[in-house]
Amino acid sequence: MPATPDAVQRRTVLIIATLAAFLTPFMGSAVNIALPSIAAEFTLDAVSLSFVASSYLLGTAMFIVPFGRFADIYGRKLVFTLGVVVFTASALLSALATSGLALILFRFIEGMGSAMIYGTGVAMITSVFPPEERGRALGINVTAVYIGLSIGPFLGGYLTEFLTWRSIFLTNIPLGIYIIYQIRRHLAEEWADARGERFDIIGSVFYSAMLLAVMYGFSKLPEPGGIAAIIAGVVLAGVFYAWETRTPDPVLDIPLLASNRAFALSNLAALINYGATFAVGFLLSLYLQVVRGLDPGTAGLVLITQPVVQALFATPAGKLSDRVEPQYVASAGMALTTLGLALLTFLAPETPIPQIIASLVLFGFGFALFSSPNTNAVMTSVDRSLYGVASGMLATMRTTGMMFSLGVVTVIFAVLIGTTQIGAAVQAPFMTSLQVAFTVFTILCALGIPASLARGRVRG
């Protein structure tokens, strides 16, 4: 059993994990605002353009749980450090990409680095902070995520406008190097509460292949190949389940999902919430630039509204969940998020910008109330030897939800727009796509409210 961490160690872990938590969403939100410019340079159609965003999420989703388990056994600091190195190197490669295909590949590798960070950062914080301080610490970490999301559209828009989209990737490199320096200089402690257990390589391969097949299938719907890939993913899921329930040291503790109601339903709530919300930034970025004719910088100023509100309220929401059961705080957030999505279903080419901003304020406030308390619920509901797996599982639900969200949009684009570059010529079907997507997401988010409420208490 490791010694109780002192205040200096807790602060160091929080700073390092929080800086990394800023880095990954900053990249994602900044790239979203640059998508029209990337599409123009590489002549990407609507479906191919979605791969620039979804390849990163696929790389993250495929490896989060395996890396989380690997970190529990061999060291969370080790995997976290490798993640920052891979993320930083792939950012440089993305900046140097010479084709759309190369950029998609480098974004996938970037997602692998992000998986190492996501699967360990929250687990490291949970390892050093006692339960009575955990919600506040996790709230600070989540706030950093939202600050990254806030600055991303704003800075990404102006970087794209004045220095091209490639500069977005270059801005991440100095911060990545700084994080690595801080780890090497100030963080001597290592956390491996499952040290000595066997790493489940076979289960990890099945898990990654399952997600790859399902996510690829979503991106190819409604083509026959997409349906076949999803069927293959379902078959692999069955094989994965059979293997995991028989191996002594599984990469994913399946019985934990069956026996731990709070853990299972908190993860389900995260899956639904991110599945219903992630594509909003992607869609509004295209809407503001293609339909409303805003430049990237101005579009970024509009989109900054949601994450700024999230950043302001994420830490207070986390602290509130230290005193009030997370199920109530998170469920209220889910309800407000549903209302924000419902307002976006009325989006039209002439919708006033202040009305869009008001919807994003409500949307951001609801998301802040949901995210920190839900993370607190997940991490509080498991033993410390499972922190890496729990962190990885939650991040997998989040990332899989993001992939599903983009998958829904990809299917809608494929059916209503086809393989045509998004522009003024396809404005009518694009607006129809927006309304269909926001309607689907509103219904999905509403279904998540009872799942969030049903998790029960996470404290004795």
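The values are calculated or read from the model by the stated rules, or taken from the named source; none is laboratory data. No experiment lies behind these values; they were computed from the predicted model shown. Don't worry about glycine lacking a Cβ; one is built from the backbone with ideal geometry, like all the others, and counts go over all protein chains shown.
Looking at region 67-90, which of the residues that are surrounded by fewer than 24 Cβ atoms within 10 Å (Cβ to Cβ) and not aliphatic (A, V, I, L, M) is nearest to Phe108 (Cα to Cα)?
Taking the candidates together, the pick is Thr88.
So, in region 190-226, of the ones that are in contact with a Lys or Arg (Cβ under 8 Å, 6 or more places away or on another chain) and surrounded by fewer than 17 Cβ atoms within 10 Å (Cβ to Cβ), which residue ends up nearest to Ala242 (Cα to Cα)?
Phe199
Take region 172-189 and flag every residue that is at pLDDT 85 or above and surrounded by fewer than 21 Cβ atoms within 10 Å (Cβ to Cβ).
Selection gives Ile173, Pro174, Leu175, Ile177, Tyr178, Ile180, Tyr181.
Can you confirm whether Leu339 is assigned by TED's automatic domain parsing to the domain that holds Arg292 and under 19 Å from Thr432 (Cα atoms)?
Numbers: assigned by TED's automatic domain parsing to the domain that holds Arg292: yes; under 19 Å from Thr432 (Cα atoms): no.
No: the conditions fail for Leu339.
So, restricting to helices (runs of 4 or more DSSP H) that lie completely within region 219-323, which ones have at least 1 residues that are polar (S, T, N, Q) and farther than 19 Å from Val361 by Cα?
254-259, 261-277, 305-323
Please go through region 323-357 and pick out each residue that is under 29 Å from Pro130 (Cβ atoms), surrounded by fewer than 20 Cβ atoms within 10 Å (Cβ to Cβ) and not aliphatic (A, V, I, L, M).
The answer is Arg323, Glu325, Tyr328.
Kindly list the number of the only condition in (1) in a helix (DSSP H, G or I); (2) touching a residue at least 40 places away in the same chain (Cβ under 8 Å) that fails for Ser90.
Every listed condition holds for Ser90 apart from (2).
Only one residue in Gly448, Gly388 is under 18 Å from the mean Cα position of the chain (by Cα), modelled with pLDDT of 80 or more and either part of a helix (DSSP H, G or I) or surrounded by fewer than 24 Cβ atoms within 10 Å (Cβ to Cβ) (or both). Which one?
On the way: Gly388 fails: modelled with pLDDT of 80 or more.
Within the list Gly448, Gly388, the selection yields Gly448.
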